[in-house]
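Asks: Submitted below is the structure of interest, expressed as structure tokens.
The values are calculated or read from the model by the stated rules, or taken from the named source; none is laboratory data. Nothing here was measured: the structure is a model prediction, and the numbers come from that model. Glycine gets a Cβ as well: all are built from the backbone with ideal geometry, and neighbour counts include every protein chain shown.
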Amino acid sequence: MSIRIDRLHPAVKHGAYSATAVLPGESQAEFEKLHRGLVAELIPSGVLEDDIVMTIARLVWRKQNLTTLRIAERAQSRRAKILREKEEDLEPARFISEEEAAEDREEWRQAERDADSEAQEELGESYEFVEIGSAATCGGLTSELEIQERLDAAIAKCLKQLLMVRGVKSITAASSSESPKRVTGPSKAA
């Protein structure tokens with residue numbers, strides 16, 4: 001599928017959509033309300049805790065809105081079917097001149113444009129999911145969660161190392177802050 005980047009929604013061009021984000025048709029205000037509720041409940045302190053609570057909010061949001069991914073998959077599937085139907089009307093590949101090949105490529109591009117127009121008309125607002133692509137599918141969600149899991153594991157490893165180093169430093173600091181005690185022997189009585 002070759003969708004021209006200049007026709008895409010700005011958030012899609014810059015990778016802002018992900019399966020755990022607020023997708024078209026979902027309420028940004030409702031997501032923010034959910035996030036504020038989790039912040040009030042979990043009372044995060046610091047950048048890492050804020051990130052964890054935001055991740056929880058995204059995951060709870062996606063769990064509550066799985067239907068959006070199913071709608072997106074149906075929209076993408078319908079667009080693909082329309083494109084296949086348009087492509088079936090074209091002549092099969094054959095040995096042709098460069099000029100004829102250029103004409104064929106233009107016919108294929110026109111078939112894709114026609115499929116996009118038909119899909120846009122048929123799908124209405126759901127067509128935006130076609131533009132988003134795999135990020136708005138269950139497969140995209142699975143892939144994104146696998147990546148997040150790996151990132152979380154790497155962060156946890158770094159936190160573990162940090163806590164270990166801090167522990168060693170605190171032991172070293174505690175032992176060096178204690179001044180050595182002089183042990184004096186018994187005094188000789190005269």
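Asks: If a residue counts only when it is at pLDDT below 95 and among the small types (Gly, Ala, Ser), which helices (runs of 4 or more DSSP H) contained entirely in the stretch 1-120 have at least 2 such residues? Steps first, answer last, please.
Replies: Values: elements: 10-13, 28-42, 47-64, 66-88.
Once the helices (runs of 4 or more DSSP H) in the stretch 1-120 are filtered for at least 2 residues that are at pLDDT below 95 and among the small types (Gly, Ala, Ser), what remains is 66-88.
Asks: Which one is modelled with the highest pLDDT, of the residues in the stretch 155-190 that are assigned to a helix (DSSP H, G or I), of a type in the set (S, T, N, Q) and over 30 Å from residue 20 (Cα atoms)?
Replies: Initially, the stretch 155-190 is screened for residues assigned to a helix (DSSP H, G or I), giving 155-177.
Of the ones still in play, those that are also of a type in the set (S, T, N, Q) are 161, 170, 172, 175-177.
If we keep only those that are over 30 Å from residue 20 (Cα atoms) too, we end up with 170, 172, 175-177.
Values: 170: 90, 172: 87, 175: 83, 176: 80, 177: 76.
Among residues in the stretch 155-190 that are assigned to a helix (DSSP H, G or I), of a type in the set (S, T, N, Q) and over 30 Å from residue 20 (Cα atoms), the one modelled with the highest pLDDT is 170.
Asks: Could you give every pair whose Cβ atoms fall below 7 Å, whose first residue belongs to the stretch 64-92 and is under 17 Å from residue 132 (Cα atoms), and whose second residue is of a type in the set (D, E, K, R) and not in a helix (DSSP H, G or I), counting only separations of at least 6 or pairs across chains?
Replies: 65/26; 68/26
Asks: Would you mention how many residues in the stretch 154-170 are closer than 14 Å to residue 52 by Cβ and of a type in the set (Gly, Ala, Ser)? Walk me through how you get there before you give the answer.
Replies: Just the residues of the stretch 154-170 that are closer than 14 Å to residue 52 by Cβ, to begin with: 155-156, 159.
Still in the list and also of a type in the set (Gly, Ala, Ser): 156.
Going through the stretch 154-170 one residue at a time, the tally reaches 1.
Asks: Can residue 152 be described as in a helix (DSSP H, G or I), more than 30 Å from residue 60 (Cα to Cα), among the charged types (D, E, K, R) and modelled with pLDDT of 85 or more?
Replies: Details: in a helix (DSSP H, G or I): yes; more than 30 Å from residue 60 (Cα to Cα): no; among the charged types (D, E, K, R): yes; modelled with pLDDT of 85 or more: yes.
No: the conditions fail for residue 152.
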